[in-house]
1. Can you confirm whether region 118-126 contains a residue that is touching a residue at least 12 places away in the same chain (Cβ under 8 Å) and closer than 22 Å to residue 64 by Cβ?
2. Check region 194-207 and report whether any residue there is open to solvent by 30 Å² or more (accessible area, probe 1.4 Å), part of a strand (DSSP E or B) and touching a Ser or Thr at 6+ places or on another chain (Cβ under 8 Å).
3. Against the condition among the small types (Gly, Ala, Ser), under 21 Å from residue 49 (Cα atoms) and in contact with a Ser or Thr (Cβ under 7 Å, 6 or more places away or on another chain), how does residue 242 come out, does it pass?
4. Out of everything in region 152-162 that is over 18 Å from residue 111 (Cα atoms) and charged (D, E, K, R), what residue ends up being nearest to the chain's Cα centre (by Cα)?
5. Restricting attention to helices (runs of 4 or more DSSP H) lying wholly within region 237-320, give those where 3 or more residues are modelled with pLDDT of 95 or more and under 28 Å from residue 142 (Cβ atoms).
6. Quick check on this structure: which one of 165, 225, 171, 186 is open to solvent by less than 40 Å² (accessible area, probe 1.4 Å), within 17 Å of the chain's Cα centre (by Cα) and of a type outside the set (Lys, Arg)?
7. Would you confirm, using the coordinates I've provided, whether residue 25 is part of a loop (DSSP other than H, G, I, E, B), open to solvent by 30 Å² or more (accessible area, probe 1.4 Å) and either touching an Asp or Glu at 6+ places or on another chain (Cβ under 8 Å) or farther than 26 Å from residue 277 by Cα (or both)?
8. Search region 89-116 for residues being closer than 19 Å to residue 150 by Cβ and among the charged types (D, E, K, R), and hand back the single one that is modelled with the highest pLDDT.
Amino acid sequence: MVDRKVSRVLLVLAALTGAGAPAAAEDTLKVSIGQMDTWVNQAAVLGQRVGIFQKHGIAPENFGTQGSGETLQAVIADAAQVGIGVGTLGVLRAYARGAPIRIVGASFTGVGDLYWYVRADSPIRKLADATASHSIAFSSNGSSVHNVVLAFIQDLGLKAKPTQTGGLATTLTQVMSSQIDIGWATPPFGLKEAEEGKVRIIANGNDVASLREQTVRVEIVNAATWKNQDLMRRFMRGYRESLDWIFADPRAIKLYSETTGVSEVLVRSSIDRFGLKAAKQLDKISGIDAIMTEGVKFKFLDQPLSREQLADLIQILPGR
């Protein structure tokens, strides 16, 4: 009888203790996102909004940058622990120079999501029409946008002067005010203006055949954060789940539309038109040798990274 009473007391105490105990704290990670408002970089943003990361004990603090160059610098300085959508070539260059970073996933393979446009009244109808007196925009040094512009020059004979313009909105402003002749964008940004006849799209990144199979952007973390394997596994589980969710649940497009003011119809058509879902896979870094060869050619790299360096840099965790 005494044992039963003791057992009941212990059960009550256990219940009271559990009821009064605070929930386990979530680990905060600062996440730097180049071109934060674009659809392809929404997994961290929308996943945080609907509580996907919280299920894995992660509290992302997302902030945007003007391009992958700024995102990369934030991670190197540990002002952010995670960087989303960072140009692969810029990451290789930074690592070769001793930057404390690791690649934890592919971000975008191919360059079909990048396009270049002019004002509707521009005499430029195609890249070949541009002369040395014209300018063509890119976001930041070492970004995938910069890489494509350099490939336009090398492979397609583009004569326009590459000019760093930063983010999407500032680039559009510079094009519409005739400060820049050819602007750059990624969907769905700029498509509304194209539909309204304010701008004309004249080129796509996939016009450069050599870039179509390359993983031009990657997801990175600070090396110190990478050492916390439990933390990284939980973050990547949340990120994978969020990435799957934004392409599967119509509610993701609705939330994005409400935030950005871009119509749901335009977002859905952009996903199909630019093949965004297939390109947003995490597990395979494609074309790394070609990327390094181009890096040497464009003087971003002194020499290709060794196999040992690549094995240290690229640390993609399994899906489960």
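The values are calculated or read from the model by the stated rules, or taken from the named source; none is laboratory data. Just so it is clear, the model here is predicted, and its values are computed rather than measured. Every residue, glycine as well, gets a Cβ built from its backbone with ideal geometry; the counts of neighbours run over all protein chains shown. To get the accessible areas, we keep the full protein, side chains included, count just its heavy atoms, and leave off ligands, DNA and RNA. Shrake-Rupley method; radii C 1.70, N 1.55, O 1.52, S 1.80 Å.
1. As a first pass, look at region 118-126 and keep what is touching a residue at least 12 places away in the same chain (Cβ under 8 Å): 118-120, 122, 124-126.
Those still in the list that are closer than 22 Å to residue 64 by Cβ too: none.
So far as region 118-126 goes, no, none of its residues is touching a residue at least 12 places away in the same chain (Cβ under 8 Å) and closer than 22 Å to residue 64 by Cβ.
2. yes
3. The answer is no for residue 242.
4. 161
5. 288-297, 307-313
6. So the residue among 165, 225, 171, 186 that is open to solvent by less than 40 Å² (accessible area, probe 1.4 Å), within 17 Å of the chain's Cα centre (by Cα) and of a type outside the set (Lys, Arg) is 186.
7. On the way: part of a loop (DSSP other than H, G, I, E, B): yes; open to solvent by 30 Å² or more (accessible area, probe 1.4 Å): yes; either touching an Asp or Glu at 6+ places or on another chain (Cβ under 8 Å) or farther than 26 Å from residue 277 by Cα (or both): yes.
Yes, satisfied.
8. 93
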